[in-house]
1. Using a probe of 1.4 angstrom, how much of the accessible area of segment 106-158 is carbon and sulfur, in percent?
2. Quick check on packing: order 129-142, 279-292, 70-83 by the mean number of other C-beta atoms within 10 Å, highest mean leading.
3. How big is the accessible area of I267 in square angstrom, nearest 10, if you roll a 1.4 angstrom probe over the protein chains?
4. Tell me, what is the 1.4 Å probe accessible area of D43, in Å² to the nearest 10?
5. With the cut-off at 1.5 for a/c, could you classify segment 104-255 from its C-alpha gyration tensor as rounded, prolate or oblate?
6. Give me the dipole magnitude in Debye, nearest 20, for segment 155-253 about the Cα centre, with unit charges on the beta carbon: positive for Lys and Arg, negative for Asp and Glu.
7. With 17 Å as the cut-off, how large is the P(r) tail for segment 216-291, expressed as percent of Cα-Cα pairs?
8. For the chain, what is the accessible area per residue in Å² when the probe is 1.4 Å?
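The values are calculated or read from the model by the stated rules, or taken from the named source; none is laboratory data. The model shown is predicted, which means the values in this text are computed figures rather than measured ones. So basically every Cβ, Gly included, is an ideal-geometry build from the backbone, and we count neighbours across all protein chains shown. Calculation scope for accessible area: heavy atoms of the full protein, side chains included, ligands and nucleic acids excluded. Shrake-Rupley method; radii C 1.70, N 1.55, O 1.52, S 1.80 Å.
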Amino acid sequence: MSNRTESYLVGLVGDGVTPSLTPPMHEREGDVQGLRYLYRPIDLLELGLTGESVGAILDSARILGFNGLNITHPCKQLVLQHLDEVSPDARRLGAVNTVVIRDGRFIGHNTDFSGFAAALASGLPGARLDRVVQLGAGGAGSAVAYALLSAGVKSLDLVDMDPARATARAAELQGFFPDSTVTARTTAELPQLMPLADGLVHCTPVGMAAHPGVPLDLDLLEPRHWVADIVYRPIDTELVRGARAKGCEVLDGGRMAVGQAADAFRIFTGLDADPERMRSHFLELVAAEEVAA
């Protein structure tokens with residue numbers, strides 16, 4: 001006997017989410033699995049709403065029969081006060097990006113960290129994790145650092161343009177992972193850190209279409225390094241291209257985006273998504289965007 005519901009109605013709440021690739025990814029996976037699955041962007045900018053309206057949006061979604069919502073900037077922290085239950089990992093991270101609505105209750109999860117963990121496992125299997133340098137300690141960076149430490153990174157060097165943010169984040173993560181070493185660093189220390197590192201993870205906006213460039217001197221990369229980027233517009237950032245040219249193993253930002261989506265799909269439906277099928281569709285969507293641009 002199937003436990004599938006008759007249909008699924010899901011939304012994405014945040015600023016500027018109308019062009020997001022998440023809705024078509026979810027809908028395609030639903031189609032392949034034979035589900036009636038509708039995923040709508042709820043764009044705060046277009047609606048003239050602020051992040052503080054997320055509680056009212058949740059209430060409306062419950063009334064209208066939504067199965068769940070993905071939550072993005074600027075609501076990932078603001079949504080916490082409106083939830084009935086929060087997963088332990090999301091509670092630790094202080095951020096929720098997936099809310100399932102079940103029996104009238106709001107249950108929060110974080111698939112930013114689990115999505116990166118899945119990306120790392122599938123895209124860089126067997127990568128050495130003794131010492132890793134991470135650039136960026138903001139919201140996405142916090143989730144990625146948590147995923148790295150959960151995956152067994154022994155020593156994490158956290159580099160941020162804001163030293164106070166890096167210090168605070170490092171102390172918090174150190175408390176969660178006492179068997180690892182988490183250290184706040186500055187960009188000036190990169191020439192000393194990279195020769196000691198197994199890999200580099202990039203979690204800043206540098207490399208996005210609106211912020212072209214590379215986040216560090218590519219001469220610091222060696223062929224033995226692995227390099228992961230979480231930027232996926234474009235999919236082949238200057239960092240990804242430069243690292244490949246150096247002979248590094250590379251993880252592009254699309255893998256995290258797909259990992260997040262696959263986890264959210266499972267949370268909403270109770271059914272496993274096929275990550276490789278979702279990645280194939282994601283790459284189609286990105287390629288179509290680049291042609292259109």
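1. Of the solvent-accessible surface of segment 106-158, carbon and sulfur hold 59 percent.
2. 129-142, 70-83, 279-292
3. Spelled out: I267, probe radius 1.4 Å, area about 20 Å².
4. 10 Å²
5. Because its axes are fairly even, with a/c under 1.5, segment 104-255 counts as rounded.
6. 140 debye
7. Across segment 216-291, Cα pairs with separations above 17 Å total 52 percent.
8. Per residue, the chain has an accessible area of 45 Å².
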